[in-house]
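Data first, discussion second: the structure below is written as structure tokens.
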Amino acid sequence: MTRRKRGMGDKLKVRRRLLLVGWLLSGGLIVVRATQIQIVQGSLWTEQAERQHRTSVEIAAVRGSVLDRSGVELATSREVFRVSVAPRELRDVDAVTRLLAEILGLEERIVRRATTSSKPWRVLPSTFPPSVREALDSVRGVYLEREHRRFYPQGDLARGLLGSVRDGKALGGVEQMYDEVLRGTVGQAVLARDPTGRPIPGESVIVEGPRGGGQVVLTLDVDLQEIGQQALTEAIRRTEARGGDLLITDPRTGDVLAMVSIHDGSTSALSAINTPYEPGSTIKPLTVAGLLQNRLMSLDDVVDTGSGSWTVAGRTIEDVNREHGPMTLARALQISSSVGVAKAAQAMSPAVQYQNLREFGLGAPTGIGLPGEVRGTLRRPERWSRQSPASLAIGYEISVTPLQMAMAYGALANGGLLMEPRLVKEFRDSRGKVTARFQPRIVRRAVSRRVALEVSAVLVDVVEDGTGTRARLGTFKVAGKSGTARVWADGAYQDGEYFASFVGFFPAEDPQLLVMVKLDRPQGAYYGGSAAAPVTRATMEAILAAQQTPIDRWALAQVARAEEIDAPSRESNGGETALLPRFAELRLDGYSASVGAQGSSVSRWRDSAALENRTHVRVPDVLGLPARAAARRIHEAGLRVEWDGSGVTKTMVPRAGSLLAPGDTVRLASGEGSGDD
């Protein structure tokens with residue numbers, strides 16, 4: 001018994017020793033692990049804890065502005081603020097609720113939902129102007145977070161060309177094409193996070209500040225863009241067209257001064273470069289230029305149009321004019337005889353005809369550099385049918401963009417030199433210092449100067465006594481050509497649907513501006529000479545009437561004086577006022593041109609004695625007028641417009657009646673915004 005008890009005692013001692021050893025080993029392991037974590041790996045775990053409570057975020061750079069050729073802002077970024085509330089930090093919930101509702105213009109129930117929330121903080125809806133910062137920056141529990149919103153001061157003007165910015169991503173147009181210049185360089189900041197991982201407003205440290213984006217200065221002229229948009233909008237309304245395009249360029253440099261595309265009432269389209277069409281008769285001057293350039297015919301050579309109908313390879317070409325039979329090539333172009341031009345084109349081989357159209361830039365990108373530009377369609381001769389030479393000669397079996405057509409006519413206006421369209425004048429850094437300049441670029445010589453002058457002279461006759469008479473401009477000669485082409489869709493030409501177009505440049509003796517107009521499916525009088533030519537004329541008249549335009553008025557004066565000397569008896573043209581000789585001569589001596597419903601006229605400024613020295617103009621009253629009408633009134637006064645919103649004009653700065661220097665800016669505003677988040 002005693003031996004058994006002794007044995008049991010020994011076993012207990014062994015167990016106790018084993019248990020003690022186990023405890024010692026466990027304790028030792030804990031001490032070793034604690035030492036490893038707290039001493040050896042202490043910095044590692046500290047960094048991980050910091051990462052859990054703090055996060056590194058990018059600080060967006062202020063996006064650079066897009067400016068017109070004179071420095072007027074077309075797209076810019078404005079500072080706005082988001083407002084957050086930390087309910088637990090508020091000392092007087094009711095007072096802060098009322099203050100936020102009043103300052104931010106929000107309903108009190110929406111604000112109270114945030115100030116009484118059980119969550120650590122709440123973000124109030126929408127963004128707010130910088131003016132809220134002064135009122136709220138010192139309020140305990142209220143945090144302001146700065147953002148930059150993309151804004152377009154000129155409203156819907158050139159929106160398709162400019163593109164947009166959504167959620168920080170550039171989409172389309174200039175915004176996308178020059179995103180690398182505009183977006184700047186992001187910075188870095190460290191934000192504190194709550195236990196759920198969400199950032200805590202106001203708890204941030206900037207590690208590296210952002211660098212603002214550069215500026216892109218366009219060749220666009222905001223006044224001409226406004227004039228073009230107004231003229232095209234009115235034409236679409238008048239003709240009930242589905243849409244249209246209007247381009248204004250300087251043929252000497254290739255500068256794009258205005259580019260307007262409107263479809264289904266929206267100015268966000270960019271069909272001037274991405275929607276090709278069959279040009280119809282506007283291609284005939286290029287066909288004639290090819291014949292002259294290759295010495296295959298002269299303008300005096302005679303082509304027999306027969307009865308005005310010609311069947312070639314199973315296709316019948318018919319003239320709509322009543323003049324038939326033998327006529328010179330010049331006359332065929334002047335009256336737009338499809339039979340005459342198509343027959344004359346038979347003198348060109350397919351290779352020569354194809355190369356001639358390519359020399360004018362058709363079938364190839366223009367080089368404007370905007371995303372989405374298409375090259376159109378110009379098939380190689382080996383893919384032509386027997387009908388193709390005749391069809392191509394009069395503008396079918398080929399598709400072009402309005403910009404391609406404008407540049408091709410620019411070559412005729414520029415002595416035969418095809419220019420690359422120039423949309424960007426220069427880049428500037430965020431402080432306005434020029435970092436890159438872009439000079440006009442000659443693509444090639446399309447035809448000789450002699451040929452360009454000969455064809456241009458015929459195009460003057462087209463406007464004076466041909467198919468483009470509705471584009472005449474008093475005694476300034478305009479050279480131009482109309483075009484009418486059937487619409488091809490769903491594999492067939494659509495009955496009763498046409499494209500009406502007109503391209504013209506002036507003054508023909510020394511072209512400064514070129515206007516290209518295309519209307520999509522106009523109703524009623526659908527011919528280019530009836531539907532599109534008047535738009536060209538209205539645009540040119542408005543440009544001449546505006547005081548701030550990029551035209552050289554001294555050169556116009558010289559042309560007009562020469563015209564008066566050559567033709568002193570031309571005081572009127574079809575009952576129209578002979579605006580331009582008097583305008584050109586007297587504009588430099590205190591006279592201003594104006595355009596009214598009954599035509600153009602010239603009148604002396606007589607507003608006040610302060611205006612007699614021609615250093616100021618009076619701001620017209622445009623309150624209550626629609627945006628377009630208000631802008632037109634301001635432009636007619638020789639002033640620029642900056643729009644904030646759209647719709648009816650509610651405020652204007654400076655007020656009506658104020659005296660400003662010509663070219664100064666009047667800011668108009670309505671209650672509707674026009675920015676993109």
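Odds and ends about this structure:
- Inter-label distance for Arg431 and Glu382, nm, one decimal - labels placed 7 Å from Cα along Cα-to-Cβ: 5.9
- Low-density loop positions, trypsin sites (Lys or Arg not before Pro), region 252-315 - DSSP coil, at most 16 other Cβ in 10 Å: Arg295
- Ordered by the count of other Cβ atoms within 10 Å of each Cβ, fewest first, Trp310, Trp384 give Trp384, Trp310.
- Region 65-112-region 288-364 distance, computed between alpha-carbon centres (Å): 66
- Chain lengthening between Glu318 and Ser26 when straightened (0.36 nm per residue, less Cα-Cα): 94.5 nm
- For region 294-351: rounded, prolate or oblate by the Cα gyration tensor [a/c cutoff 1.5]: oblate
- Positive-end extreme of charge dipole, region 364-484 - chosen from Ser482, Pro440, Val374 (charges on Cβ): Pro440
- Förster radius 35 Å - calculated FRET efficiency between Gln355 and Asp304 (Cβ-Cβ, nearest 0.05): 0.85
- Once the Cβ-Cβ distance of Ser448 and Thr185 is raised to the sixth power relative to R0 = 60 Å, the FRET efficiency obtained is 0.75.
- For region 141-153, putting each phi into the Karplus relation 6.51 cos²θ - 1.76 cosθ + 1.60 with θ = phi - 60° gives couplings of x, 10, 10, 10, 10, 7, 9, 10, 10, 6, 9, 10, x Hz, in residue order, rounded to whole numbers and with x for Gly and Pro.
- Trypsin sites (Lys or Arg not before Pro) within region 65-123: DSSP coil, no more than 11 neighbouring Cβ in 10 Å: Arg91
- Sorted by Cβ neighbour density within 10 Å, fewest at the top, the residues Thr651, Thr282, Thr275: Thr651, Thr275, Thr282
No lab work stands behind these numbers, since they all come straight from the coordinates. What you see is a predicted model; the values in this text were computed from it and never measured. Note: ideal-geometry Cβ built from the backbone for every residue, glycine included; neighbour counts use all protein chains shown.
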